[in-house]
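Just so it is clear, none of the values below were taken in a lab; they were calculated from the coordinates. These numbers were taken from a predicted model, which means no experiment stands behind them. Positions of Cβ are generated from backbone atoms using ideal geometry, with glycine treated the same way; all protein chains shown enter the neighbour counts.
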Amino acid sequence: MPIRTRQCLTCVIAVLSLFALVGCPDKGTVTPDPEPESRPVESGSSAAASVDASDEVSLQSIDPQDYQGLLAEYRGKVIVIDFWATWCVPCRKDFPHTVEWSRTLDPAEAAVLSISIDEPAARETALDFLREQQATFPNYISSVGAADEAFEAFDLDGGAVPHYKVYDRERNLVRKFFVDPDDPYDHSDIQETI
């Protein structure tokens with residue numbers, strides 16, 4: 001078995017084991033605010049009106065080593081980053097919140113980004129999902145996929161997604177939000193931090 005396949009398989013097994021141990025957050029653990037629907041925003045809605053028809057959805061590759069440089073591009077703005085994957089059901093369910101933040105936060109004051117940790121071979125699947133969500137903000141895909149290197153390099157606690165990070169205007173990490181049964185969060189916690 002090739003090393004890359006073995007690493008991927010190990011990651012998937014680790015993530016599934018984590019969910020088996022702590023479980024995916026359910027409504028008893030996480031109290032979500034009203035969910036935007038996990039489908040494209042319908043034309044005619046106020047959210048759809050804020051999306052210019054000329055906006056395109058794109059997905060660029062990012063190396064873990066380039067992560068700090070990415071943050072530097074947004075110095076002077078609050079930065080919200082959603083780490084996610086298409087194979088992660090909670091990520092797909094939560095992603096409409098990220099899209100909504102990208103549309104409601106003042107772009108002069110804040111930047112909303114997403115980084116997929118899907119395998120590079122799943123780039124088109126990730127891009128299709130982003131298009132369905134009309135995610136016209138900066139989107140990236142980890143060049144190393146969901147390998148341990150990605151979780152370590154991006155400092156994703158618990159080795160699981162979804163994982164959100166909020167940085168202040170000087171690129172200082174203010175807070176992380178991730179699956180932790182001892183410290184559950186909901187999207188209003190993230191909104192308050194922003």
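For the range 72-86, take each phi angle, set θ = phi - 60°, evaluate the Karplus expression 6.51 cos²θ - 1.76 cosθ + 1.60, and give the result in whole Hz per residue in order, putting x for glycine and proline.
Listing the rounded values in order: 4, 4, 10, 4, x, 10, 6, 10, 10, 10, 9, 8, 8, 7, 5 Hz.
List the residues, sorted by chain then number, that are 5 or more residues from V78 or on another chain and whose placed amide H is less than 5 Å from its amide H.
Here A110, A111 satisfy the definition.
Could you tell me which trypsin sites (Lys or Arg not before Pro) in the range 62-162 are loop residues by DSSP with no more than 15 other beta carbons within 10 angstrom of their beta carbon?
Details: sites: R75, K77, R92, K93, R103, R123, R131; in loops: R75, K77.
Listed in order of number, the matching sites are R75.
What FRET efficiency comes out for D63 versus V89 if R0 is 30 angstrom and r is the Cβ-Cβ distance? Round to the nearest 0.05.
About 0.65, to the nearest 0.05.
Could you check the simple spin-label distance between V174 and R75, using points 7 Å along Cα→Cβ, in nm with one decimal?
1.9
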